[in-house]
Structure formats: C-alpha cells, structure tokens
1. Among 125-137, 24-36, 71-83, what's the highest-first ranking by average C-beta atoms within 10 angstrom per residue?
2. For the chain, take the longest principal axis of its alpha carbons; what is the angle in degrees between that and the long axis of helix 3-16, to the nearest 10 within 0 to 90?
3. On the accessible surface of the chain, probed at 1.4 Å, how many percent belong to carbon and sulfur atoms?
4. Roughly how many Å is it from the Cα centre of the range 37-59 to that of the range 78-146, as a whole number?
5. Taking just the C-alpha trace of the range 1-72, give me its Rg and Dmax in Å.
6. Using only the alpha carbon atoms of the chain, find the Kirkwood hydrodynamic radius as the inverse mean reciprocal pair distance, in angstroms to one decimal.
7. Can you tell me the 0 to 90 degree angle between the C-alpha axis of helix 65-78 and the longest principal axis of the chain, rounded to 10?
8. Multiply the residue separation of Ala101 and Gln121 by 0.36 nm, subtract the distance between their alpha-carbon atoms, and state the gained length in nm to one decimal.
Amino acid sequence: MSLENLYREVILDHYRHPRRRGTLEGDGVTVVDLKNPSCGDHVTLYVRQEGDRLAEVRFKGEGCSISMSSASMMSSQVEGLTTEEAAGLVAVFLRLVQGEAIGEAWEEKLGDAVALRGVSQFPVRVKCATLAWKALEQALARGSGVRPSR
Ligand code: ZN
C-alpha cells in the first residue's frame, strides 16, 4: 500500500469511527465552538482540565471527512497531555499541514494526525484540517488558570 493510500485509510477510519466523540459538562470544562464557513464544517470542542492537564477531550460537530477525522485524531492525541504539551502539538500540526518537515519525534507525538499532512497540497482543505486544532488553541487560552473546584 502506498503511503498516500495508507493516509487515506487512516483518515476514513477516523471519519467513520470517530474517537472521543461526545460532550462534557461540569467544573473545569471549557467549551469552544468554531466554524469553517468556506466548507461548512462545524466543531464544538469540550476540554476538561485538571490542574494543568487535559483530563478529558471530546468533540461534536459535522462537516467534511477531513474536518471530522482531524477532530477525532486531535482529541485522542492530546487527552492526558499538559496544556503546554498540547499547545506544542497544535503548533507542530499547523506546520505539518503547511507542508513543513517536523521530524520523526514530533510525528510520533502527532500519531494518526500525521496522515493529514497531504492537505498541504490543497490550500482550501487546510482550514478543514486545522479547525479542531484552532478550537483547542482557544480552549487552552481560555482555560488557563482555571482550577476545577473540589
Ligand atoms: Zn471541510
């Protein structure tokens, strides 16, 4: 199987069987709602922080296969990370979809999301791929300093 076909399979698998799909509520939960008007994608991201750790990440939404699989990949990849690690991953993903080489160590941390590197060939789809990651970026900015009440 060519790398391109493998990537396509990974993307379709996340689209058909989304990981971390759902909603969260309660203390320490940040909700971010983002749209990509150029394609009609819509993602609502739910992040529950415990201290500076992303204890749970869920999303709901609708849109093209790129936007939905990217949300699934992002949510499963950043859950359990610290906010700093997650912010680093967002920055690296944004470079990946611009066609930049990010190195093997980062590719490993991005996991399945590496399959989206091909969108760099299609500038219009970059916004689809980055929607969920931009939502996470906003959640991190908004959620900083928030401590769950005990
Ligand atoms: Zn889209």
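1. 125-137, 71-83, 24-36
2. With both axes taken from Cα atoms, the answer is about 40 degrees.
3. Carbon plus sulfur share of accessible area: 48 percent.
4. Between the Cα centres of the range 37-59 and the range 78-146 lies a distance of 13 Å.
5. Values for the range 1-72 (Cα only, Rg and Dmax): 14.1, 46 Å.
6. Result for the chain, one decimal place: 15.2 Å.
7. Long axis of 65-78 versus the principal axis of the chain: about 50 degrees.
8. Value of the extension gain: 5.8 nm.
The values are calculated or read from the model by the stated rules, or taken from the named source; none is laboratory data. Predicted, not measured: the structure shown is a model, and the values here were computed from it. Glycine gets a Cβ as well: all are built from the backbone with ideal geometry, and neighbour counts include every protein chain shown. Side chains are part of the model used for accessible areas, which takes the heavy atoms of the whole protein and leaves out ligands, DNA and RNA. Shrake-Rupley method; radii C 1.70, N 1.55, O 1.52, S 1.80 Å.
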